[in-house]
Amino acid sequence: MRKVYVAGVFSTPFGKLGDASIKSLAIAAGIGAMADAKVSSEAVEHLYFGNFAAGMLQGQKMLAAVVASGLRLTLGPATAVEGACASGGIAFHLAALAVATGQCDIALAVGAEVMTGSTTEQVTNVLASAMDQASGEPLTGLTFAGFFSLLARRHMAVYGTTMDHFAYVAKKNRDNAQYNPRAQFFGHPVTWEKIQQSRLIAEPLRLYDCCPISDGASAAIIVSENVAKALGGTMIEVLASTQAAGPAALQEMDSLTSLSAVRHAAQAAYETAHVGPEDIDIAEVHDCFSAAEVIAMEDLGFCGPGEGGPYIASGSTLWDGERPVNLSGGLLSKGHPVGATGLAQVYEVVQQLRGTADRPARRARIGLTHNVGGTGGAVVINILART
Amino acid sequence: MNYVLYACQRCHKISAVAEGAPFHCWACQSTEGTMIENVSGTVESFTVLHVAPLHYLDDIPYGVATVLLNNQVRVVGRLSRFTDLDRVTIGTVVHISPDERYGLVLHPLDAR
């Protein structure tokens, strides 16, 4: 396998973006990433496009071709991928794989979603389609907020995790978003009291434990070593990009306090990158719900099983902690336009490693992204390093 | 759509299967199963939903729980509308019945 580098990244603001179409957002992200990398559209050989809901919410499929045409990409294949909330991460993974295996030297990964034009109930309905319909579990009326609430309550019962631990996640990520002008809740800080007294969504989780409905797009240009050297600039190497599959139904999960695909993908990523969890300086993790970040800390090996709550409450994941997590604001406060999220995580980590982030971490040489689709059915872990 | 419970003849794990659909065990992929009835278990975790998909808006608030059966196999069901949701706890014993609308419905034996 060849070495792979991220040469360019871009992210639109996340939030309610008016009447912006998914095509216009995706093209803006693609153009931005190409400009950041200083490559022309004629030079891009492969396109991988991540999206989850456009077929259901906008009636738009065939998006890879639509976006490739809009970007005037004509040299090679344009492929759309769907893995629920991990769609963007999968697009990045496949682009990195295409370069690593020598299929191309320059690949573009784009992720985009438009959701705010639909009602909360419509979006909830569409998101629930990421569950295994044949299992019968969605018939109960279970939502993704409900799914993570089941995990949260079990984690509380088994390990003594508290609602305060979940509130720490919500508060930390909202505070971080105040330094990210692209975040949906930039300029909207919240107090402890407001978090803890907000309305119930799926007990025990409350409003601020849940990510918002968002629009947005993100993109990355992935290149071979020769191209990266020719382009110049800070070299950001993809030390590992791994993907794992896991259960798409609760009845198939081995535990309600852990996501097996995260453990498997993380282990493979650490082995590929020849690093361990202790070497990760910063991380962007999939905090679709506050409880998900607690579980992610454990599954990624940042702390032991059951220690996620106290680990976060200790301040270890704050901006000035030993390993800052979700400096972008995370899904909870940066926003979660589903298909764009995996690439937005790459955008934040690359900016941190370059030292060009809006609020640079004190130490950032190796960064990790953790993107989860559905009930943990699709997981992508990337480890990036400044070399 | 009615869901029924099948016990795998090879590994004895239990699956919820749509009535009329071919059975295959989620754990070992065996296609040999036996339909079982009169199943009970204990609540492993539960939630009460206040935001629902479109088809369930009239049910709010409603409870969904994961239930562990005797052999530690997990099933997911809707807590019966007769349940006092404030009295459901982890460990509550429930009887499980198939239901056309909700797949499986859980009837707590001590939370009504």
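The numbers here are math on the coordinates, done by the rules we state, and not lab data. These figures come from a predicted structure and were not determined experimentally. Glycine also receives a Cβ, built like all others from the backbone with ideal geometry; neighbour counts cover every protein chain displayed.
A few comments on the model shown:
- For residue A:206, the residues 5 or more places off, or on other chains, whose built amide H falls under 5 Å of its own are A:201.
- For chain B, modelled as a GNM whose springs connect Cα atoms under 10 angstrom apart, the maximal fluctuation among B:80, B:45, B:30 occurs at B:30.
- Inter-chain Cβ neighbour count for B:53-60, averaged per residue, equals 5 (cutoff 10 Å, partner chain atoms only).
- Within the same chain, lysines fewer than 8 places from residue A:23 are excluded, and of the rest, those with a Cα less than 17 Å from its Cα are A:61.
- Of all DSSP bridge pairs formed entirely within chain A, close to 75 percent run antiparallel.
- The chymotrypsin sites (Phe, Trp or Tyr not before Pro) found in the stretch B:1-110 that occupy coil by DSSP, while having at most 14 further C-beta atoms within 10 Å, are B:82.
- Antiparallel %, DSSP beta bridges [both residues in the stretch B:4-108], to 5: 95
- Taking Cα centre as origin and charging only the Cβ of basic (Lys, Arg, +1) and acidic (Asp, Glu, -1) residues, the dipole magnitude of the stretch A:236-304 rounds to 220 debye.
- In straight-distance terms, cross-link reach from residue A:171 covers every one of the lysines whose alpha-carbon lies under 30 Å from its own, apart from those fewer than eight places away in the same chain; here that gives A:16, A:194, A:334.
- Centroid-to-centroid, using Cα positions, the stretch A:237-301 and the stretch A:152-222 are 19 Å apart.
- Residues of the stretch A:201-242 with amide N under 18 Å of the 7 Å Cα→Cβ point at residue A:42: A:231
- Listed residues A:310, A:272, A:260: farthest to the positive end of the dipole of the stretch A:233-318 (Cβ charges): A:260
- For chain A, built as a Gaussian network whose Cα springs stay under 10 Å, the top-fluctuating residue of A:74, A:191, A:317: A:191
- Distance between the modelled labels on residue B:68 and residue A:271, one decimal in nanometres: 3.0 nm (7 Å Cα→Cβ projection).
- When the helices of chain A are scored as -39500 (n - 2.57) per DSSP H run of n ≥ 4 and the total is divided over every residue, the value at 222 nm lands at -11000 deg cm²/dmol.
- Per DSSP, loop GluC sites (Glu not before Pro) in the stretch B:1-99 with at most 10 further Cβ within 10 Å: B:37
- In the frame of its principal axes, chain B has Cα extents of 39, 30, 19 Å, reported largest first.
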